[in-house]
Amino acid sequence: MKFWRLRMLGLAAALVAATVVFMPALVAADAIDPTARWLAPWSFTPNSLSIDHGFGADASAFRSFGDLGDAENLPDTAASAFSRASASSGTFGDASASTGLSFSRSFQLSGSPDGWDVKLSGRLVGLLLAASSSSPSASVTASAMITGGPAINFGTITVAPDRQLMLDRDMVGSAVKSDGTYTVQGSLTTSASIQASGLFSSSGSAIADFAAPGNGFFVGVDATPRAVPEPSILILLGTGLVGIGGAARRKLWT
């Protein structure tokens, strides 16, 4: 009986000691506000303008980027990339055009010991047109990724001759990330080409337009801290441990 009492007393003392030692640290850790923050504005690099056309043909290319944002919390200021390439042929002249841009931005996750649910979302909106049977081609390529994942990849989308394709596609990637600094990178490329018809009074056009109002490649990042115990739960747990220890001690000395 005496041995049993000593064991119970030791257990009660251990529970109380654990509560006293670890409870402040647990509450303090949980009290830190998780923060997901962009470290700087978006940066972007335009691709070169590749434009070529023969006699009687024409070609053009254009690219730009939207609001750059600032050092702000996620998910503020998504990436907005714009690009357009067009080519029109005549009787004797071929034409081609291509351009695009790449972009990136870094962000920091902090204050979530259990990690973060990170979501990378992309929307691709635009027009692909190949209005000729004279070997027209219009295409768009778009993708984005975060360091170590997730990634989204629309691949290269091409329209068939004598066809028009209106695009409005969404894609989402997700991953669990720990506290740290990460970079999101993306790119958008458009191209168009067409051959001369070889026929008088005959022309055609190829257009990849992801720069008209409402069109573009839009990329956003959001991060949500994973669930951790609330401070109130930890306090209740500690109170319960102290109570158990006190009850066991009273039982021993009665």
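Of all DSSP bridge pairs formed entirely within the stretch 35-225, close to 100 percent run antiparallel. Does the stretch 56-164 come out rounded, prolate or oblate, given a ≥ b ≥ c as the square roots of the eigenvalues of its C-alpha gyration tensor, rounded meaning a/c under 1.5 and, failing that, prolate meaning a/b above b/c? Prolate.
Structural size metrics of the stretch 35-225, computed from C-alpha coordinates, are Rg and Dmax of 19.4, 71 Å. In summary, the convex hull built on the alpha carbon positions of the stretch 103-215 has an orientation-averaged projected area of 8.2 nm².
Under 10 Å from the Cβ of Ala192, count the other residues' Cβ atoms, weight Lys and Arg +1, Asp and Glu -1, and hand me the total. Overall, the nearby charge balance is 0.
Throughout, read-outs are computed from the coordinates displayed, never taken from laboratory work. Just so it is clear, the structure is predicted and the values come from calculations on it, not from any experiment. For neighbour counting, all protein chains shown are included, and Cβ atoms are generated from backbone atoms with ideal geometry for every residue, glycine included.
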